[in-house]
1. Give the distance, in whole Å, between the Cα centre of the stretch 256-281 and the Cα centre of the stretch 4-69.
2. Which is farthest toward the positive dipole end of the chain among 120, 267, 100, measuring Cα position about the Cα centre, with Cβ charges +1 (Lys, Arg) and -1 (Asp, Glu)?
3. How many percent of all Cα-Cα pairs in the stretch 121-245 sit more than 25 Å apart?
4. Grab the eigenvalues of the alpha-carbon gyration tensor for the stretch 54-132, scale each by 5, take roots, and send me the semi-axes largest first in whole angstrom.
5. To the nearest 20 Debye, how big is the dipole of the stretch 5-73 about its Cα centre, given +1 on the beta carbon of each Lys and Arg and -1 on that of each Asp and Glu?
6. Which three semi-axes in whole Å describe the equivalent ellipsoid of the stretch 47-189, each the square root of 5 times a Cα gyration tensor eigenvalue, listed largest first?
7. How large is the direction-averaged shadow of the alpha-carbon convex hull of the chain, in nm²?
8. How are the alpha carbon pair distances in the stretch 183-283 distributed across 10 Å bins from zero to the largest one, expressed in percent?
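The numbers here are math on the coordinates, done by the rules we state, and not lab data. All values derive from a computational prediction rather than experimental measurement. We place every Cβ from the backbone using ideal geometry, glycine too, and count neighbours over all the protein chains shown.
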Amino acid sequence: MTRHAYVIGAPIGHSLSPYMHNAAFAACGIDAAFESVEVRPAGLERWVTNARASDVLGFNVTVPHKETIIPILDRIDDEAARAGAVNTVIVGSGGQGLIGANTDIVGFRRSLKLEAGATLRDQAIVLLGAGGAARAIAVVALEDEARSLVVANRHIERAQRLLADLANVRHRTAIHAVDIRDVVLVGALHEATVVVNATSVGLQSSDMPVDLDSLSPDALVVDIVYNPPRTAFLRAAERRGARVLGGLGMLVYQAAASFERWTGVAPPISTMRAAAEGVLRGA
Ligand code: ATR
């Protein structure tokens with residue numbers, strides 16, 4: 001029996017997940033197929049109910065469902081609970097139901113470690129954005145004992161809610177929420193040792209979420225946007241002399257962790273990355 005896995009969201013047309021997962025299924029000799037499905041908020045509950053089937057391994061969840069799917073699931077694991085966001089659902093066998101997980105957390109941590117040789121320990125972090133991806137990165141900051149975390153968002157209430165929801169993570173990090181247009185961010189960017197763009201600004205455009213005029217040249221700047229691979233934000237950071245890291249690694253490592261949760265098999269990372277890079281190059 002061919003098994004199935006999916007990514008659901010709206011819009012979903014740009015997703016690289018089918019390419020990465022189908023390449024990994026083939027490389028591992030697993031009889032399974034991965035598809036992207038456009039699911040709008042009004043259709044989420046019905047789609048999730050239908051996913052409780054023996055031929056479904058699980059599915060990824062993306063914009064705009066990472067937070068709203070939680071009450072529809074049977075349970076969520078500890079990491080998803082800490083983030084208040086789910087990007088991976090495992091269809092458990094033997095009546096275990098639908099289990100929500102968050103592999104963005106491990107995806108971000110691994111990309112930072114393996115591609116930039118960095119951790120968030122003792123870092124002064126500016127995190128731009130307060131959506132599902134930002135929630136996972138904030139968990140990494142607190143778990144890995146960052147010195148400080150400033151969450152800057154266009155709608156400040158969302159940044160405040162993100163930080164309030166992190167009350168269940170034990171930490172020693174100084175945390176603040178600011179409006180992304182607030183001048184205090186200029187000072188925070190000057191002090192920052194790590195800046196992460198977790199907004200969608202820069203996706204297939206040359207827009208930047210904030211100016212980097214005050215950025216320290218000693219900072220590491222990460223953009224979770226992976227298309228284009230070198231965003232305008234990363235190019236501006238490089239002009240300031242900062243080190244940069246693009247978002248493809250986080251995408252690949254979260255996908256690999258999801259694959260392992262669904263199949264019990266650790267997939268070949270290089271195969272998944274090559275599949276994603278091939279699509280981005282227009283191959
Ligand atoms: P994801 O799951 O990828 O994090 P999301 O939950 O839709 O996606 O979050 C997108 C993030 O990009 C949010 O922080 C959003 O800001 P708001 O919460 O204020 O909407 C941010 N964002 C999107 N477009 C933006 C823009 N033009 N300027 C500033 N921030 C923007």
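1. 14 Å
2. Comparing the listed Cα positions along the dipole, 267 ranks first.
3. Values: 1162 of 7750 pairs.
In whole percent, the long-distance tail amounts to 15.
4. Numbers: eigenvalues 151, 41, 22 Å².
Taking √(5λ) for each eigenvalue gives 27, 14, 11 Å, largest first.
5. Details: 4 positive and 6 negative charges, 31 e Å.
Using only the charged Cβ atoms, the result is roughly 140 debye.
6. Numbers: eigenvalues 183, 54, 30 Å².
After diagonalising the Cα gyration tensor, the semi-axes are 30, 16, 12 Å.
7. Details: hull surface 56.5 nm².
Mean orientational projected area (the chain, Cα hull): 14.1 nm².
8. Reading the bins upward from 0: 15, 39, 28, 15, 3.
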